[in-house]
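To keep things clear, I will list the structure first and then write my remarks on it.
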Amino acid sequence: MMKLIGSKRNGRRYNREQLRIIRSKVMTIAAALRKIHQWDKSRSLQRAWRMVKQQYYTKVVGVIFGRRQEAIKRLEKYDPRRIKVTLQHEPENKYDPNAVAVIVTVIGKGSYRVGYVRKIYASVYAQLLMKGYTLQAHLEGITKSKESAYYGLNISYVIDQVAYDVDQQEKRAYSRQEIRSLIG
């Protein structure tokens with residue numbers, strides 16, 4: 001039986017390995033934030049803890065180069081459950097050594113690099129990916145501009161699925177308590 005760690009007051013429950021991984025991710029993010037923004041350690045750690053528990057939504061950049069438009073257009077044909085999104089660090093990228101590529105895989109068909117995560121985010125996420133961590137990413141939608149014929153791609157991702165799930169459970173529990181107190 002795994003021993004769970006956390007206080008009874010906040011209801012958080014992680015096993016030792018989950019907590020070790022979450023802390024490692026927080027420290028990696030905090031170090032990157034300190035370097036990028038010149039923040040002090042306290043501010044960097046506070047922001048890193050918040051980042052680990054959030055889900056992010058973003059547009060993929062660089063989708064108009066090469067044959068990426070064709071690839072994105074073809075994605076419309078497939079059931080979204082068959083589409084897997086992977087974020088991959090590209091240290092050899094000639095434009096940015098912190099580049100994080102967005103790779104889309106249609107199960108049973110193949111993979112294609114459809115673009116990149118924005119540079120401002122990639123500089124932090126590259127540090128996590130270099131340490132062997134993965135970011136859980138999902139396709140949120142394919143867009144098409146009304147003014148032009150260009151397609152776009154929206155994705156979501158979380159830095160740590162366990163921390164995100166626990167945070168969502170806490171928010172739901174708090175909401176239920178709030179509703180009960182209002183009902184009286």
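Where a number appears in this text, it was derived from the coordinates with a stated rule and is not lab data. Computed from a predicted model, the values in this text were never measured in an experiment. Positions of Cβ are generated from backbone atoms using ideal geometry, with glycine treated the same way; all protein chains shown enter the neighbour counts.
State to the nearest 20 debye the size of the charge dipole of the stretch 54-171 about its Cα centre, where the only charges are +1 on K and R beta carbons and -1 on D and E beta carbons.
Computed about the Cα centre, the dipole is about 580 debye.
Which percent of Cα pairs goes in each bin when the distances of the stretch 95-179 are cut into 10 angstrom slices starting at zero?
Pair shares across the bins are 13, 34, 31, 16, 5, 0.
Shape call for the stretch 20-130 from the C-alpha gyration tensor, a ≥ b ≥ c root eigenvalues: rounded (a/c under 1.5), prolate (a/b greater than b/c) or oblate?
It comes out prolate by the Cα gyration axes.
What are the lysines whose alpha-carbon lies under 18 Å from the alpha-carbon of K94, with same-chain residues fewer than 8 places away excluded?
Straight-line reach from K94, under 18 Å: K119.
What whole-number distance in Å separates the alpha-carbon centres of the stretch 152-175 and the stretch 73-87?
Between the Cα centre of the stretch 152-175 and that of the stretch 73-87, the gap is 22 Å.
Show me the trypsin sites (Lys or Arg not before Pro) within the stretch 31-89 that DSSP assigns to loop and that have at most 16 other Cβ atoms within 10 Å of their Cβ.
Qualifying residues, ordered by number: R67, K77.
Out of the DSSP beta bridges found with both residues in the chain, what percent are antiparallel (nearest 5)?
Close to 100 percent.
With unit charges on the beta carbon (Lys/Arg positive, Asp/Glu negative), name the residue among G115, Q161, V100 whose Cα is farthest towards the positive pole of the charge dipole of the stretch 54-171.
G115
For helix 119-130, report the angle its Cα long axis makes with the longest principal axis of the Cα atoms of the chain; keep it between 0 and 90° and round to the nearest 10°.
The answer is roughly 70 degrees.
Could you sort the peptides 91-98, 22-29 by per-residue average Cβ neighbour count (10 Å cutoff), highest mean leading?
Numbers: 91-98: 12.1, 22-29: 18.5.
Peptide ranking by packing, descending: 22-29, 91-98.
With each pseudo-label sitting 7 Å past Cα toward Cβ, what's the I64-K144 distance in nm, one decimal?
A separation of 1.8 nm, rounded to one decimal place.
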